[in-house]
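The values are calculated or read from the model by the stated rules, or taken from the named source; none is laboratory data. For clarity, every value in this text was computed on a predicted model and none was experimentally measured. No Cβ is skipped: glycine too gets one built from the backbone with ideal geometry, and neighbour counts run over all protein chains shown. Heavy atoms of the whole protein, side chains included, go into the accessibility calculation; ligands, DNA and RNA do not. Shrake-Rupley method; radii C 1.70, N 1.55, O 1.52, S 1.80 Å.
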Amino acid sequence: MTNDSTKDPVCGMTVNVDTNFTTSHERRTYYFCSDLCRRKFVADPGKYMEGADVVGADQTHIIRRIAYFSMEVGIDSRIPTYSGGLGVLAGDTLKSCADLTIPVVAVSVLYANGYFAQKLDAWGNQQEFPVAWEPARFLRLLPMTVRVSMENRPVVIRAWQYDLIGVTGYTVPVILLDTNVEENTPSDRVLTASLYGGDERCRLAQEMILGIGGVRMLRALGYTQLDRFHMNEGHASLLTLELLRERGDPAAAEWDFNGVRSRCVFTTHTPVAAGHDQFSYDLVRSVVGEDVPLEVTQMLGGKARLNMTLLGLNLSQYVNGVAKRHKEVSQELFPGYSIDSITNGVHSPTWTGQSFRALYDHHMPGWRNDPAMLRYAISIPKNEIWEAHQAAKQQLIEEVQTRAHVSLNREFLTIGFARRATQYKRADFVFTDILQLLEIASTMGPLQFIFAGKAHPKDEPGKELIRHVFQVAQQLQQQIPIVYLENYDVELAQFLTAGVDLWLNTPLPPLEASGTSGMKAAHNGVPSFSVLDGWWIEGHIEGVTGWSIGPCPTNGSQLQGTTTQVVEELYHKLRTVIAPLFYRDRDKWIDVMRQTIAFNASFFNTHRMVQQYAANAYV
């Protein structure tokens, strides 16, 4: 259920990688529009090998002006180089760059073991396992290597490339860095093995590979005319020190701060001080060294500890948060800095389910590369909206049966919640008063819940949240079906956000920087029922695009309300507004679905977001 595309090496047409016509040759997979092209390739692969990379070859003359750095990137559900929202956002951003022909090259890290594969036992205990995948099936190994000096020894970095092809055939190269090479010591070979794995030293080493190694790799690959270096979070901030080193004169103690600053863009996604990466200077001195003197690094990144966000802020000409409210929170965390806001989005073709894609293709041709056209969904006949939703819901129910061996009822109000399992996201908030929930299900109409989400391997409170959902599911199994699907990834997220009836989101304000899951649901006509935080403050119109839970922040302050008040409002709206509308006034429920698409999907997409970056940060 992917929308990724590539070129048929025989005829040159764009084909979806879900095609049935594939073959492998020299450890690479090739995709074809038809069996005719596949047979021609198999008969004489050498004849078409050059054509296999024709897009990249034809576009080598394109001058890449923007380098986009992200610690994780979700470019393909089969490439496990992402953990969650940050990486999926990066992938969606790059897909829109490809669609809009933005001259970008991306840099991230290749993780041989991925983030982790999640296994949940009958009690909800999470176990983590390495992800098995073969980079050579999806990426091509590049001939260049670079070196960084880490703890006074050379560490060799190689690179793999993924060609992300847009709707017009324009390609964005995604460079993934890897230290698993023979020249390195065994301990250095596994530095890039796992995303967010290892100790603090490993984390700093990975960020050095991304920031410093990434700039050096771009230079080695011939990207010499880059005007902007965009850091997607502080993980990549060491790139600023590498740019300083390139442009400085250490002997004369001259450093071109303004020259580096004029080329850098920084996006922060973190609304709490504790979430910003910080490292002791003893560790920095040991791992990174002093190509840029420690005194200079302390001036830019903080006197006591190296704060990666502060380093990025001090050497960027444009800084933004990822929602209007997040801009306010970021300015409170870092007073005195000019921080703009560009609200996140999602890649519309990726997150629109099959049935709704067909519906939009029929009624709004061209929406895939102009998602603003989705505003015209307001005029799509209601019966067609409902038919598309029922098809998506049936697909989800079948997927639940396949994955969890649980049979859900297509007629029940189905509520979805799929986020990283961590305390502030409050996955179990809806179960605060189980008696009220039972009363709603028995008097207003049946309810069923689908959950998904991974806890970080070291997040014990997050793991306890998963166990609690399992306990409640066991307790209520006769009255309210509840299923927690393991190993949440892009593919599962596509089923969930397209197939549920209502998207639930209950973070503790103001800890939601943006959130994008509700945007994905909106592309499939699924309204949100959410705490007013992050993007939902902007996307919420009560009873039109969904429903709020709790008070709205006003005058720059977050009015949280007590837990009791917020819970009571959740149950009150579920009992008196949402369930009655779903079961007793289907016509008005479909109105909300259409409005959700027209108002929110048409705006909260990465095409609009990338165009804002282009206008505000890249020019």
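Couple of notes before you dig in:
- Partner aspartates and glutamates whose Cα lies under 12 Å from the Cα of K520, excluding those fewer than 8 positions away in the same chain, are identified as D92.
- Folded to 0 to 90 degrees: helix 238-247 orientation relative to the chain principal axis, Cα: 30
- Debye, to nearest 20: dipole size of segment 368-508, +1 on Lys, Arg Cβ, -1 on Asp, Glu Cβ: 300
- Accessible-area composition of the chain, carbon plus sulfur, in percent [1.4 Å probe]: 51
- Exceeding the 31 Å Cα-Cα cut-off - candidates K95/K393; K393/K458; K40/K119; K95/K324; K382/K573; K119/K324: K393/K458; K40/K119; K119/K324
- Relative contact order for the chain: 13 percent, from Cα pairs under 8 Å spaced at least 6 residues apart, divided by residue count.
- Label-to-label distance for Q471 and F129 is 2.7 nm, based on points extended 7 Å past Cα in the beta-carbon direction.
- Taking a straight line from the alpha carbon of K47, these lysines sit under 16 Å away, with near neighbours fewer than eight places off in the same chain left out: K7.
- Accessible area expressed per residue, segment 32-189, with surrounding protein chains retained (probe 1.4 Å, Å²): 40
- Distance between the pseudo-spin-label points of E411 and S280 (7 Å out from Cα toward the beta carbon): 6.4 nm.
- Computed from Cα atoms, the angle from the helix 382-404 axis to the main principal axis of the chain rounds to 70 degrees.
- Cβ-Cβ distance of E295 and A372, R₀ of 35 Å, FRET efficiency by 1/(1 + (r/R0)^6): the value works out to about 0.10.
- Extension gain, D587-E398: 0.36 nm per intervening residue step, less the Cα-Cα distance, totals 65.4 nm.
- For the chain, with +1 on Lys and Arg beta carbons and -1 on Asp and Glu, the positive-most of I378, G74, Q278 along the dipole: I378
- Dipole moment magnitude, nearest 20 debye, segment 447-489 about Cα centre, only Lys, Arg, Asp, Glu C-beta charged: 60
- Packing-based ranking, highest mean first, of 404-414, 97-107 given that Cβ atoms within 10 Å are counted: 97-107, 404-414
- Segment 273-375: GluC sites (Glu not before Pro) in DSSP loop, at most 14 other beta carbons within 10 Å: E290
- Length gained on full extension, V181 to D44, computed as 0.36 nm times the residue gap minus the Cα-Cα distance: 46.1 nm.
- On the basis of the beta-carbon distance and an R0 of 25 Å, H25 and E491 show a calculated FRET efficiency of 0.45.
- Cα-based helix-to-principal-axis angle, 324-333 vs the chain, degrees rounded to 10: 50
- Mean Cβ count within 10 Å, highest first, over the residues of peptides 211-220, 421-430, 143-152: 211-220, 421-430, 143-152
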